[in-house]
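What follows is a short report on a single structure.
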Amino acid sequence: MKPVQPLGEEKVFKDPVHNYIHVQDRLIWTLINTPEFQRLRRIRQLGTSYLTFHGAEHSRFSHSLGVYEITRRIISQFERGGYEDWPREESLVALCAALLHDLGHGPFSHSIEEAFDMDHEEWTCRILLGDTEVNRVLEEAETGLAERVASVIRKDYEKPIVVNLVSSPLDADRMDYLLRDAYFTGVNYGTIDVDRILRMLRPHNGRVVVKESGMHAIEDYLMARYQMYWQVYFHPVTRSSDIVLRQIFRRAKELFDQGFAFKFLPYPLPALFEGNIQVHDYLLLDEALVQTAFMQWTREDDEILADVCHRFMQRRLYKYVETDLIDLETIDSIRNEFARVGLHPQYDLEIDFPTDLPYDVFRPGDPKKEKQILLLDRQNRIQEISEVSDIVRSISGIHRGRYHLYYPQDKLEKVIHQLSEEVAAIFENKINPPQMEFEI
């Protein structure tokens with residue numbers, strides 16, 4: 001690889017999580033200023049969570065800078081320590097991958113991926129390898145660099161230790177999003193001792209491992225992740241906003257496929273609905289454009305689309321009831337009853353089970369080593385952390401989560417008396433909560 005070209009003067013970003021983010025390489029600075037990376041300012045890190053936690057307005061841009069900074073600190077420690085297991089020639093590839101790892105996220109991130117069967121990592125690679133400014137910057141630095149960075153994102157890079165830094169159970173991505181998401185949502189669950197963790201990381205036999213003396217900091221990190229998933233990422237109000245958002249995308253695509261004459265359909269949404277959107281059009285998608293469409297769609301002639309858009313934009317979200325067990329027969333019975341009384345069996349009822357979400361609460365014993373956190377003892381022996389830690393064993397294998405039935409309460413209140421007794425009973429306490437009696 002060509003020698004790294006340092007900046008004439010180090011650039012810094014003031015950051016509420018890491019205090020300062022340091023940019024010392026000209027290539028990194030140039031990548032930050034590409035249109036593709038700047039677009040991430042217009043993509044929220046936590047999707048619809050701002051409707052639950054009003055401070056959660058932070059962007060994929062700030063998170064990506066944070067992942068870069070943590071990766072930079074890890075590499076700096078490896079290089080200062082002179083560890084032979086760290087390939088110094090891979091440092092810039094790792095930094096580029098850390099910075100650009102979320103380049104392919106679309107508006108509202110995981111919700112749009114689910115609605116249109118997309119994968120943000122695949123889009124990241126398409127942007128890296130396509131006719132883009134990011135690709136040109138990487139290729140000018142070294143021919144083939146874009147493919148090397150894409151290989152890290154795909155997790156098939158020839159040096160797994162580089163992938164470890166960006167994608168593993170203990171990586172720069174997870175450490176930054178725990179700290180950043182906790183800060184902006186105002187919760188304390190994600191506050192981890194990142195300085196201690198970084199000091200305990202070591203390169204060893206092609207993997208990033210943790211010194212045994214750092215085990216308690218890792219336990220705290222895994223507990224923080226566990227709590228953040230259940231208290232923030234799986235919050236039922238956020239799940240409700242995600243559901244309404246998916247309903248919007250689903251209805252808009254149904255109408256588009258039926259040839260519906262939209263009053264407002266900005267480019268490139270038609271290409272997204274057709275399923276053949278190209279890189280240059282995909283890069284036009286951001287949350288400002290999508291929310292502009294939602295606001296205009298509140299005035300569309302289709303009652304369902306107008307309703308779900310209004311609910312999302314005005315935060316009139318679905319309510320929910322919880323239940324431990326529910327079978328397909330019961331779900332069908334509820335949908336049939338909803339249809340009988342004039343509710344829509346699909347758009348006015350959604351069944352959600354949080355553990356089905358694509359998040360990765362740590363599980364030990366996975367045969368794939370890249371999904372394990374490894375401890376290094378004083379004799380240079382390796383152990384998987386759950387073999388040593390009672391705390392990790394206690395939280396691993398826990399399958400929390402109850403079924404949530406989401407519905408528009410204002411609509412259900414008008415017809416609940418028409419439902420069968422069995423179905424009405426499921427929602428009764430939410431619609432007509434019992435009156436509390438007090439003795440004086």
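The values are calculated or read from the model by the stated rules, or taken from the named source; none is laboratory data. A quick note: this is a predicted structure, and the numbers were derived from the prediction, not measured. So basically every Cβ, Gly included, is an ideal-geometry build from the backbone, and we count neighbours across all protein chains shown. Note: areas computed on protein heavy atoms with side chains; ligands, DNA, RNA excluded. Shrake-Rupley method; radii C 1.70, N 1.55, O 1.52, S 1.80 Å.
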Could you give the C-alpha radius of gyration of the chain expressed as a fraction of 2.2 N^0.38 Å, taking N as the number of residues it contains?
1.09
With a 1.4 Å probe and all protein chains kept in place, how do Asp117, Asp171, Asp193, Asp25 rank by accessible area, largest first?
Asp117, Asp193, Asp25, Asp171
Span-like helices, the chain: DSSP H, alpha-carbon axial extent 30 Å or more, mean Kyte-Doolittle -1.0 or greater, which ones?
60-81, 236-257
Residues with beta-carbon under 12 Å from that of Leu255, excluding Leu255: net charge, scoring Lys, Arg +1 and Asp, Glu -1?
-2
Area of Met223 that stays accessible when all protein chains are in place (1.4 Å probe, Å², to 10)
60 Å²
For the chain, what does the helix formula give at 222 nm: sum of -39500 (n - 2.57) over DSSP H segments with n ≥ 4, over the residue count, nearest 500 deg cm²/dmol?
-14500 deg cm²/dmol
Set the bar at 30 Å for Cα to Cα. Now go through Lys155/Lys319; Lys263/Lys411; Lys159/Lys211; Lys11/Lys211 and name every pair that lies beyond it.
Lys155/Lys319; Lys11/Lys211
Using every pair of alpha-carbon atoms in region 27-118, split the distances into 10 Å bins beginning at 0 and state the percent of pairs per bin, rounded to integers.
16, 38, 28, 15, 3
To the nearest 20 debye, the chain has a Cα-centred charge dipole, built from +1 on Lys and Arg Cβ and -1 on Asp and Glu Cβ, of 1120 debye
Can you tell me what percent of all Cα-Cα pairs in region 235-313 are more than 16 Å apart?
51 percent
